[in-house]
Amino acid sequence: MTLLSDERARVDAPPIEEPRPAAAWRLPRHVPTSAWLVLTLVTGLLVRVINLNAFGFNSDEAVYAGQSASLAGNPLFVNQFPVFRAHPLLLPTLLSPLFSSGSPDLRGRVVVAFLGVATIGTVFLIGRELYGPKTGVLAALILALMPYHVIVSRQLLLDGPAVLCITLAFWMLARFVRTERFEWLAASAALLGLAVLTKETAIVLAGSMILFLLVSAEVRRPGRAVALTVGVLAAVSLAFPLAIQLAGRSSTGQSYLTWQLTRSSNHAETFYLTAIPAAIGFAVVAAAAGGLFFKVNRTWRELLLVSWIVVPFVTFEVYPLKGYQYLLPIAPALALLAARGLATWHLPARWDRYTGTVARPAVIAIVLASLLTSVWSVMFPLGGTSALAGQGGVSGGREAGKWIGANLVPGSELMTIGPSVANILEYYGHRPAQGLSVSTDPLHRNPAYTPIYNPDLSVRNGQFSYLVWDAYSADRSPSSAHRLQVLVARYHGLPIHTERAGGRPIIVIYKVHP
Amino acid sequence: MRARRVSRVLGSVAVLTAVAAVTGPVSGAGASAAAAPSSGGAIQHVIVIMQSGHSFDNYFGTRPKVNGIPAKACQPIAVNSNSCVKPFHLSSDQARAALSDNQVVTKKAFDGGKMDGFVTAQSNTAISSLAMGYLNGDDLPYYWSLASRFTLFDRFFASSQAGALPNRLVSVAAQDAGQTSNEVTGPINVPTIFDRLDQAHLGWKYYVQPSQSAPHAPTTGEQSRTPLLTMPSFTGTAPDAAHIVSTSQYFDDLTKGQLPAVSYITSSIDSERSPQNPAQGEAFVRSLINSLMQSSAWKSTALLLTYDDSGGWYDHAVPPTIGQAGQGGQPTVVGVRVPTILVSPYARAGQVDSTQLDTASIPAMIESVFHLAPLTQLDASSNSILTGLNVHQEPITPSISPSSATAVVVPRPAVQTIYFLYVAALLGAGLLIVLAFMRSRRQDLDALSHWTSDGLP
């Protein structure tokens, strides 16, 4: 069955044409493409798993791991981490067997790292589909070393697995365009549905797909294609609202939806323009943009990649809520465009003979080297106290949590500056913790968090015997940090445990009493 | 009249035991109540938290497996009336009803052992029926949780029917020093358990939750809650006065590992006596016990949570007669039953101990633990609270009960439904993908063989 009539169906796709075969790389001919791909995948795996456990979970990781454990019925988490929070549960559902006992962290990250490597492999498949195996390998290598993708896929976040599904979806969309077979479009929409079930923000990529289907001249019946995409996507994604409704927590889902839609802006409008290019690599961005703007023979392939990038970028730029990892879905497309640019650029005609022998390999080497430098700092960070959510683990969080678990009586409640460190301490310490910065206004807080309505009273009546100061939260919320210090001073705070990084305290646990 | 007799008994035994009071500590288990269980050295700290004004039935009368409210309980609404009031669950406002609570009221309620005057004894008829009200585990989650985890006594009586001060005097001196009400008519000079502790060079403190921040002369209420304030021997000299400290010092002492051998703790604003809110007193006690559990002292502490009197609330248990004729006193009837829980790593977890005890059992317990001589005949003949301990058991691991803010348990969703839906979505999507691959399998195989054999040019 195809979208086209049988006589117009192209069962056999035309052979892939390299943009400029004559200017190809001069690399050893006896090394097959598969070997380069394996080398790329191994590289991608190494940079994602080496030193993976240097820091404990950050707040988001703790929440997803806690959800997985709670879903699995892990007694340490069932009462501490509600199953339903802000996002769909495909990943926690799949990971839950790994979290059925104890409070593990490494195994979840390893799974995500392997899914990141699978994304690299998928980028190769798209590159091969669009531009041939050589460009595919280069695109895969760029993604393998792209700090943005490396950072996120070294964490137990939803974004890495969601991007795998998105990348697979676009690969199959490309196959649909090339073969005009209905099955590929249906599979593409289904994979996008799985991406939505991993993280609901992936729904934005449906806009990319629809835009492409409507605009591309290669799609003969765009209306039918869009209807098919939307139908399959909706059918697969339906598991998200159905699970909330049928599992008995419909009000929870509504609370999160309300909160997500009414959250105030957390970053400036320039956030993505300032934070993301450096994470992707300026050279990669330049290569992608250069190849796109200076190479004139643009086809549906470029339209596909541009649609893939533009729709999420514009959407998240307009959306007041910004997140470091929100733009990760565009990373594979950028890698592909960059690879295309690097594989096809030429020196001026008089020096063109040096393009393939010297210039192109040199430029590619420089681009990859620039990525490698950044990736090195990702693999071996100096400290995990970055104030930017999603950029890595929190130094000392795991250690402080484990100390709490070993030394504080079960049930002891902790007051932290903010909910992020509270999540981490709850995950590793198995003691309830609440953030001082959580708003008492239901419209301005995550429904999962319980506010401390009267911090002073709650210390006086003995609810909180331990106050936790941390550098990470103090950087993000100085006013809450000050309030906590006031309580520490007022209630005879005695530091009983300190975590340090680089000689300076990063987490201090105080014992307080009325 | 009967209460005055109680007072006479309690006062007279003090005279007889005055000699023992000055002879100092006596070594050996025989110094305390005969055949009293010993803590075997496992207990190094005794803490007594004495709250105010609630009966056993008022707090635990509906708890399963205790000597609780009888099914047919019903108190006449007036003398010689056929109408009666059955026990009922109190609202939070009703639980703060200012019931009458004094010697006359308790006598009327006792009614010669009939225990049928709890409603008619109340002077304010508008709220008299509230005396039959009770609270349950939803109202007192922490106390009920303590009862589940440690030893609950369901036959612990206030020693005196005359009010808070006489009972609190008994708790420190094993006698009421002739007090028949909370009004202090003059300085009280009787030997106390603290004299015994001083003589044995054992540390002690009387922790008081202050009601006012500025220094002031003790009020009647403060004196009734802290009987040492009625004794010149404790208020007159600086070293003794230094033993009476703020509850803030209790937390400090726990944190610094300086908890004395014996601690008495009394509250002013959170004592639970009507019209104070029981939940607030419960939170106060929770903070005290939580801090203990979080300290190094926990592993060697026995903490007794009890009440000075019933506060006018109904209790069905007939108070027993204590004291023996011919031993310097005469038989007398004690007061109404009060809630009492023994918290310790060696407590018999979840057990209900029905040993007959009264307020005089408190100094008796301290004497037994630290091998001190009894103060009076009352503590000498008292049954032992230590029956609630088993020092040979594996110590109970401390666990902090969640506060009301975090005790809200989110209902667990139907996880099978979640698994089913997400796995179904995954399989459905997988089916579509497999279908796509199967339909173009040959084409893909061709392409695969093409690029795997093709080295980079």
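The values are calculated or read from the model by the stated rules, or taken from the named source; none is laboratory data. Since this is a predicted model, take the numbers as computed values, not measurements. Neighbour counts are summed over all protein chains in view; Cβ atoms, including those assigned to glycine, are modelled from backbone coordinates with ideal geometry.
Below, the figures for the structure above:
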{"read-out": "Index of the failed condition, B:Q327 passing every other in (1) outside any strand (DSSP E or B); (2) modelled with pLDDT of 90 or more; (3) more than 30 Å from A:I404 (Cα to Cα)", "value": "(2)"}
{"read-out": "Helices (runs of 4 or more DSSP H) wholly inside the range B:231-314 containing at least 1 residues that are aliphatic (A, V, I, L, M)", "value": "B:238-241, B:247-255, B:278-293"}
{"read-out": "Filter result for A:P495 (assigned to a strand (DSSP E or B) and either more than 14 Å from every other protein chain (Cβ to nearest Cβ) or modelled with pLDDT under 95 (or both))", "value": "yes"}
{"read-out": "Which listed residue is under 29 Å from A:V83 (Cα atoms) and either modelled with pLDDT of 95 or more or away from chain B (no Cβ under 13 Å) (or both), from A:P442, A:P432", "value": "A:P442"}
{"read-out": "Test result for A:F316, in a helix (DSSP H, G or I) and without any contact (Cβ under 8 Å) to a residue 40 or more places away in the chain", "value": "no"}
{"read-out": "Residues (modelled with pLDDT under 90, among the charged types (D, E, K, R) and surrounded by 16 or more Cβ atoms within 10 Å (Cβ to Cβ)) located in the range A:328-383", "value": "A:R360"}
{"read-out": "Near pairs, Cβ below 8 angstrom, 6+ apart or cross-chain, from the range A:85-113 (closer than 15 Å to A:N51 by Cα) to any residue that is part of a loop (DSSP other than H, G, I, E, B) and among the aromatic types (F, W, Y)", "value": "A:D105/A:F57"}
{"read-out": "So A:G116, is it in the same structural domain as A:Q245 (by TED's automatic domain parsing) and either surrounded by fewer than 22 Cβ atoms within 10 Å (Cβ to Cβ) or assigned to a helix (DSSP H, G or I) (or both)", "value": "yes"}
{"read-out": "The range A:267-324, subset charged (D, E, K, R) and either within 18 Å of the chain's Cα centre (by Cα) or surrounded by 15 or more Cβ atoms within 10 Å (Cβ to Cβ) (or both), residue modelled with the lowest pLDDT", "value": "A:K295"}
{"read-out": "Those residues of the range B:120-138 which are surrounded by fewer than 19 Cβ atoms within 10 Å (Cβ to Cβ) and not hydrophobic (A, V, I, L, M, F, W, C), in sequence order", "value": "B:S123, B:N124, B:T125, B:N136, B:G137, B:D138"}
{"read-out": "Where B:G117 falls short, out of the listed (1) crowded, with 24+ Cβ neighbours inside 10 Å; (2) in a loop (DSSP other than H, G, I, E, B)", "value": "(1)"}
{"read-out": "Answer residue from the range B:250-286, given it is under 16 Å from B:Q209 (Cβ atoms), touching a strand residue (DSSP E or B) at 6+ places or on another chain (Cβ under 7 Å) and β-branched (V, I, T) and is farthest from the other protein chains (Cβ to nearest Cβ) among those", "value": "B:T266"}
{"read-out": "Criterion: under 18 Å from A:L138 (Cβ atoms), part of a helix (DSSP H, G or I) and in contact with an Asp or Glu (Cβ under 7 Å, 6 or more places away or on another chain) - qualifying residue of A:L292, A:L337", "value": "A:L292"}
{"read-out": "Filter result for the condition that a residue is without any contact (Cβ under 8 Å) to a residue 12 or more places away in the chain and among the charged types (D, E, K, R), over A:D470, A:D475, A:D456, A:D441", "value": "A:D441"}
{"read-out": "Residue within the range A:71-82 that is within 30 Å of A:L145 (Cα to Cα), in a loop (DSSP other than H, G, I, E, B) and either within 14 Å of chain B (Cβ to nearest Cβ) or not aliphatic (A, V, I, L, M) (or both) present", "value": "no"}
{"read-out": "Residue count, the range B:46-93 (criterion: within 21 Å of B:A158 (Cβ to Cβ) and not in a loop (DSSP other than H, G, I, E, B))", "value": "12"}
{"read-out": "Residue within the range B:182-189 that is within 22 Å of the chain's Cα centre (by Cα), surrounded by fewer than 24 Cβ atoms within 10 Å (Cβ to Cβ) and at pLDDT 95 or above present", "value": "no"}
{"read-out": "Total residues in the range B:287-320, condition within 14 Å of chain A (Cβ to nearest Cβ), more than 12 Å from the chain's Cα centre (by Cα) and either aromatic (F, W, Y) or buried (at least 21 other Cβ atoms within 10 Å of the Cβ) (or both)", "value": "10"}
{"read-out": "Test for A:Q391: is it closer than 30 Å to A:V310 by Cα, modelled with pLDDT under 90 and not assigned by TED's automatic domain parsing to the domain that holds A:A275", "value": "yes"}
